[in-house]
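Structure, as structure tokens:
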2 protein chains.
Amino acid sequence: MCEANAYLIQGDKEELVMESVDIVEPQGNDSWRLVGIFGDQKIIKGRIKMMNLVDHKIFFESKTD
Amino acid sequence: MCEANAYLIQGDKEELVMESVDIVEPQGNDSWRLVGIFGDQKIIKGRIKMMNLVDHKIFFESKTD
């Protein structure tokens, strides 16, 4: 399975916000809807900073401006 | 391996723009840098419409406004 873990970067902290993410969809401006492999959902406010699919990682960063 | 294929949606057309994408990074406004598993790179102008990681698919849509 190729789901990924989603991390939120705030300053120099990196927080795991959701595991086993399947679907990532924009939800308005700078907000993303994540859907996990079991159908669980989470809304993340922030921007995509980088996705590394082979490492199963998605990094979001919260807006600081 | 959990790389994905990147598709660009323009109107009702869906075009495969890159296979075996590993890294996805924003590159300025509405532009994304894709890096493949062999280090090949491509810049896509558009927005992420949806990513389906379990299906290995990333859909971009070009700006129409």
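So, in the stretch B:10-22, of the ones that are within 14 Å of chain A (Cβ to nearest Cβ) and either closer than 17 Å to A:Ile23 by Cα or not in a strand (DSSP E or B) (or both), which residue ends up nearest to the chain's Cα centre (by Cα)?
Looking at the filtered set, the residue picked out is B:Val21.
Give just the number: which of (1) open to solvent by 50 Å² or more (accessible area, probe 1.4 Å); (2) touching a residue at least 40 places away in the same chain (Cβ under 8 Å); (3) closer than 16 Å to A:Ile23 by Cα does B:Tyr7 not satisfy?
Here B:Tyr7 clears every test but (1).
How many of the residues making up the stretch A:54-65 are of a type in the set (Ser, Thr, Tyr) and within 11 Å of another protein chain (Cβ to nearest Cβ)?
0
Just one of (1) surrounded by fewer than 17 Cβ atoms within 10 Å (Cβ to Cβ); (2) modelled with pLDDT under 95; (3) under 25 Å from B:Ser20 (Cα atoms) trips up A:Cys2, so point out which.
(1)
Inside the stretch B:23-53, can you point out the residues that are surrounded by fewer than 16 Cβ atoms within 10 Å (Cβ to Cβ), assigned to a loop (DSSP other than H, G, I, E, B) and facing chain A (nearest Cβ under 10 Å)?
Residue satisfying the conditions is B:Ile37 alone.
Identify all residues within the stretch A:54-65 that are at pLDDT 95 or above and open to solvent by 70 Å² or more (accessible area, probe 1.4 Å); write none if there are none.
Passing the criteria: A:Asp55, A:Lys57.
The values are calculated or read from the model by the stated rules, or taken from the named source; none is laboratory data. Only a predicted model underlies this, so the values are computations on that prediction, with no experimental measurement involved. We place every Cβ from the backbone using ideal geometry, glycine too, and count neighbours over all the protein chains shown. Protein only, heavy atoms only, side chains kept; ligands, DNA and RNA dropped before computing areas. Shrake-Rupley method; radii C 1.70, N 1.55, O 1.52, S 1.80 Å.
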